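In what follows, a structure is listed as structure tokens, so that the remarks can point back to it.
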Amino acid sequence: MTALRLTDVVMDFPQVGGERLRVLDSVSLTVASGEFYSMVGPSGCGKTTLLDLVMGLAVPTSGSVEVEARRKAMVFQRPQLLPWRTVLGNALYGMECGGQLDGDAEPRALALLQRMGLSQHVHEHPHRLSEGMKQRVNLARALLTEPDLLLMDEPFAALDPATRRRLQDDLLELWHERGFTVIFVSHSLAEVAYLADSIAVLSDKPTRVCGVAKVGLPRPRAATPQAELALLQHAEDLTRRYFATSV
Amino acid sequence: MRPGAERWLSVVSVGTFVVVWELVCRAAWVSPVLLSPPSQVAVVGATLVAQPRLWSDLLYTATAFGAALAIAVVGGAALGVLIGYSRAAYFAVNPFIVVINALPKVVLMPLVVLWVGIGTTANVLLGAVMASFPILTATYAGIRSLERDYVRLARSFGATPRVIFRTIVVPGVVPYLISGLRVGLNYAMVGVLISEFFGSSLGLGYRMMLLMANFEVASFFVYLVVVAIFTLGASALLHILERRVQRWRPDPFAATRGM
Ligand SMILES: Nc1ncnc2c1ncn2[C@@H]1O[C@H](COP(=O)(O)OP(=O)(O)OP(=O)(O)O)[C@@H](O)[C@H]1O
Ligand SMILES: [Mg+2]
């Protein structure tokens, strides 16, 4: 089963001078249902743009975007919490937009927030939270909508290593439980080697898919420093042939 | 100076002002026809407060003010939202807004009288017209400065335009609306009072005109104080509303503290 198929997707943006900037240049990729699919590529190569196309927030200049998902949700690159809502209000916001608020919503949100270590903060407003806490609310908001396709745009980039690892493990656990498809954008090879089934390597603009590497390591993947080093080595071996310079 | 001691400066300066005012009048430096001493204003005030006329004037003006402000909020906010949402509406309506805004609104008074005649309708209408412009422009500015990212966020979760309006537009615009209301409040009062000056048979503005014509300066000052208290009261209510709506905001003085 395929969750997502992009075929020859081209995306141009109008520039200030009236010229057009080609960001995506014939991108094709296929993501299997239930797969943990990751994308790495240089900054500004169009990863966020690609996710926008999948979400339907933008329309490609040409090419086709086929999404096989009942419900999709995005964990944004910046947390994008509504400042006038509390943590709980923000966590519920995705469900509210999708018309999914029912009597069960609040207890479910509270349970997930507790699991993410936010139970002390459910009634606080975002300006009092640390970046890591905001990012967890961002993640909770998307997960609570019970997506079968979850798009994540460098969700853990702003976190310290310990928190990042905690959230990565939380994410993996939920992914195992629920079996949704993940598309995970990252700048860290070590991170995607720990998390993903596949790593799509993108070139610089105009962007193409250089290749897709299968990680092929058994799960759960070890979390000791040595194992991490081995993971990183593995990911670099996998992706070396796609990079002129490293990511 | 001790922290907090600056507050007393307000009391001291107002107190000094009143004392000097009293002394100036007692020393007969100005004719009592032009200025009444505060002591006399207080005495006259006490008698006026005991009579029903002051209260019926106040009630009349307050009602017109409330009606004018309500019309201005509904009309101004609705038009502001409309031109904020639609570029076509903006370009169609904006020339009128610019021109009317450039006019001192007082010049509309003769026109208002011509159309609806002297009376309560004219009072409310002038107040409403004057108050709607700051509310309209503030609402428009609020819509223009909405975070695009929040709208994207809502859309990504499948929000309908209705839900976006309720959850993103309204909370984003309300602070602007309130600051528009702060200006609109004064404009509404000015509009109502001016219209009452022109012609009316009741109301604070009408009475002030009458008192002046009869050289009842002390009574005039009493009415002046009543107008000031009323407007301050309305402002204070608005402030409370603002605090309620903005509870989520971080300390508003934090950014400039210690500058
Ligand atoms: N709305 C837009 N209008 C014009 N240009 C845009 C727009 N959105 C993105 N771009 C351009 O498209 C390119 C890709 O942007 P995008 O945000 O997708 O990159 P990215 O791969 O997510 O980068 P990063 O890793 O830094 O987040 C950039 O050159 C950017 O300037
Ligand atoms: Mg990006």
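Below are the figures for this structure:
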{"item": "Eligible lysines near A:LYS47 by straight Cα distance, threshold 18 Å, same-chain separation 8 or greater", "result": "A:LYS72, A:LYS205"}
{"item": "Per-pair calculated FRET efficiency, R0 = 60 Å: B:ARG7 and A:ARG219 via Cβ, rounded to 0.05", "result": "0.35"}
{"item": "Charge dipole of the range B:39-245 about the Cα centre (unit charges at C-beta), most positive-ward option of B:ASN214, B:GLN51, B:LEU111", "result": "B:LEU111"}
{"item": "Heavy-atom accessible area ranking, 1.4 Å probe, most first, across B:ARG87, B:ARG249", "result": "B:ARG87, B:ARG249"}
{"item": "Efficiency of FRET from Cβ geometry, B:VAL99 and A:LEU57, R₀ 45 Å, rounded to 0.05", "result": "0.70"}
{"item": "By average C-beta atoms within 10 angstrom, highest first, the peptides B:9-19, B:111-121, A:69-79", "result": "A:69-79, B:111-121, B:9-19"}
{"item": "Loss of accessible area when B meets A, both sides summed, Å² nearest 100, probe 1.4 Å", "result": "1900"}
{"item": "Segment B:ARG247-B:GLU22, length gained on full extension (0.36 nm per residue, minus Cα span)", "result": "76.6 nm"}
{"item": "A:LEU231 accessible area, 1.4 Å probe, all protein chains in place, Å² to nearest 10", "result": "10"}
{"item": "All-pairs alpha carbon distance profile, the range B:2-55, 5 Å steps from 0, percent", "result": "4, 17, 17, 16, 15, 14, 10, 5, 2, 0"}
{"item": "For chain B, Kirkwood radius (reciprocal of mean inverse C-alpha pair distance, Å)", "result": "21.4"}
{"item": "Accessible area per residue, Å², the protein assembly as shown with all protein chains present, probe 1.4 Å", "result": "50"}
{"item": "Centre separation in Å (Cα based) which lies between the range B:1-49 and the range A:83-154", "result": "58"}
{"item": "Where A:CYS45, A:CYS210, B:CYS25 fall by accessible area, highest first, once all protein chains stay in place (1.4 Å)", "result": "A:CYS210, B:CYS25, A:CYS45"}
{"item": "Over the range A:41-99: Kirkwood hydrodynamic radius from C-alpha pairwise inverse distances, Å", "result": "13.7"}
{"item": "DSSP beta bridge pairing in chain A, given as percent antiparallel to the nearest 5", "result": "50"}
{"item": "Between the range A:1-32 and the range A:35-50, the alpha-carbon center distance in angstrom", "result": "11"}
{"item": "Average beta-carbon neighbours from other chains, 10 Å sphere, peptide A:93-100", "result": "6"}
{"item": "Solvent-accessible surface (1.4 angstrom probe) belonging to B:THR63, in square angstrom, nearest 10", "result": "90"}
{"item": "Integer Hz, Karplus 6.51/-1.76/1.60 couplings in order for the range B:148-155, x for Gly and Pro", "result": "4, 4, 5, 5, 4, 4, 4, 4"}
{"item": "Two-site label geometry, B:ILE240 and A:SER28: point separation in nm, points 7 Å out along Cα→Cβ", "result": "6.9"}
{"item": "Counted charge near B:MET208, where neighbours are those whose Cβ lies closer than 11 Å (Asp, Glu -1; Lys, Arg +1)", "result": "-2"}
{"item": "Cβ crowding within 10 Å averaged over residues, with A:123-129, A:90-96, B:79-85, B:48-54 ranked highest first", "result": "A:90-96, B:79-85, A:123-129, B:48-54"}
{"item": "Fraction in percent of alpha-carbon pairs per bin - 20 Å, the protein assembly as shown", "result": "18, 37, 25, 16, 5, 0"}
{"item": "Shape metrics for the range B:81-136, restricted to C-alpha atoms - Rg then Dmax, Å", "result": "13.1, 38"}
{"item": "Rg to Rh, two decimals, where the range A:128-204 supplies the alpha carbon set and Rh follows Kirkwood", "result": "0.95"}
{"item": "Positive minus negative residues near B:VAL163 (Lys, Arg vs Asp, Glu; Cβ under 13 Å)", "result": "+2"}
{"item": "Cα shape, chain A, gyration tensor, a/c 1.5 rule", "result": "oblate"}
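The values are calculated or read from the model by the stated rules, or taken from the named source; none is laboratory data. As the structure is a prediction and not an experimental result, all values here were calculated from the model. Glycine also receives a Cβ, built like all others from the backbone with ideal geometry; neighbour counts cover every protein chain displayed. Ligands, DNA and RNA are stripped out before the accessible areas are found, and what is left, the full protein with its side chains, is counted by its heavy atoms. Shrake-Rupley method; radii C 1.70, N 1.55, O 1.52, S 1.80 Å.
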